[in-house]
Amino acid sequence: MSQAENQRRPLPVSTPSDAAAALRRFVWAPCARRPALPEHSGVLQTPRAFSLLEVMIVLAVIGVLLAVAIPRSEPTLVEQLRATSRIVAAELQYARSLAVSNNSTYRVAFDPSANELILTHSGAKTSLNTLPVGAFRSQRDTATTKYLSLNDLPNLSVPVTLMGATVGSGVLQSATMVEFGPMGQTTAAAPTTVWLAVSVGNQRRYATISVNPITGLVTAGGITAGPLPGVLSGNGG
């Protein structure tokens with residue numbers, strides 16, 4: 001075919017499918033230049049390093065997560081009240097264990113004005129008046145008296161208040177102490193309940209710790225919005 005005939009011959013027309021194929025070849029061309037190495041080729045592949053943009057994105061995500069998590073780590077009013085009620089319950093249970101192990105009588109008095117509980121030996125054996133040295137001691141403790149001041153408890157952003165104690169299951173009466181005997185029982189014929197409270201502004205919650213009169217077992221109850229028993233309303237409730 002002569003050169004003149006070639007110049008007169010029409011050029012081929014590109015179809016949409018040809019354009020798409022050319023675009024795919026352009027996009028995947030860089031990947032095709034470096035063929036994948038066989039899995040067991042024995043050639044070590046250098047891992048791709050993180051770019052600065054990727055590192056900044058990761059740090060930004062971590063910062064957001066910390067900003068959300070840190071405020072939630074602060075104990076709520078309910079959590080602080082529940083933790084304090086467990087401490088008070090443990091103190092009462094400790095008095096009961098002393099009574100059972102020493103076959104004597106121990107008393108825990110409640111002092112709402114000082115916001116504290118006071119443990120002493122109340123039995124006839126004077127040799128037991130000296131209390132064992134515990135792991136947690138107050139600076140006010142003496143050889144015969146152990147204090148649990150709610151004002152001295154650590155990590156409380158809002159103070160927890162000892163509202164007092166009641167005895168009874170129907171008509172409640174105010175109680176100034178609970179006393180455990182040699183069998184673990186209490187000297188009261190009805191359950192004894194210790195009341196704790198915490199409040200911020202108009203928000204107030206109560207926690208109860210109950211003592212079974214027959215077994216002397218101590219149970220930290222739930223959290224309630226009240227109301228406080230009428231016999232304790234004069235204690236700031």
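The values are calculated or read from the model by the stated rules, or taken from the named source; none is laboratory data. Model, not experiment: these values are computed from the prediction. Backbone-built Cβ (ideal geometry, glycine too); neighbour counts: all protein chains shown. All accessible areas refer to the heavy atoms of the entire protein, side chains included, with ligands and DNA or RNA removed. Shrake-Rupley method; radii C 1.70, N 1.55, O 1.52, S 1.80 Å.
Before moving on, here are some points about what is shown:
- Each residue of region 222-233 was assigned a 3J(HN,Hα) from its phi angle through the Karplus curve 6.51 cos²θ - 1.76 cosθ + 1.60 (θ = phi - 60°); the sequence is x, 9, 9, 8, x, x, 6, x, x, 5, 10, 5 Hz, with glycine and proline shown as x.
- Residue separation of Val133 and Ile214 scaled by 0.36 nm, minus their Cα-Cα distance, works out to 26.4 nm of gained length.
- Accessible area of Ile209 in the full protein assembly, 1.4 Å probe (Å², nearest 10): 0
- Solvent exposure, largest accessible area first (probe 1.4 Å, DNA, RNA and ligands not counted), of Phe136, Phe110: Phe136, Phe110
- Evaluated at q = 0.12, 0.22 Å⁻¹: base-10 log I(q)/I(0), Debye formula over Cα of region 132-237: -0.49, -1.28
- Label positions at Ala190 and Val171, each projected 7 Å from the Cα along the C-beta direction, are separated by 0.8 nm.
- Once the Cα-Cα distance is subtracted from the 0.36 nm per residue extended length, the Ala60 to Ser113 segment shows a gain of 14.0 nm.
- When the surface is traced with a 1.4 Å probe over the full set of protein chains, Leu98 keeps roughly 10 Å² accessible.
- Taking every protein chain into account, the 1.4 Å probe leaves Met56 with about 110 Å² of accessible area, to the nearest ten.
- The Thr224 and Thr144 beta-carbon pair, evaluated with R₀ = 35 Å, returns a calculated FRET efficiency of approximately 0.45.
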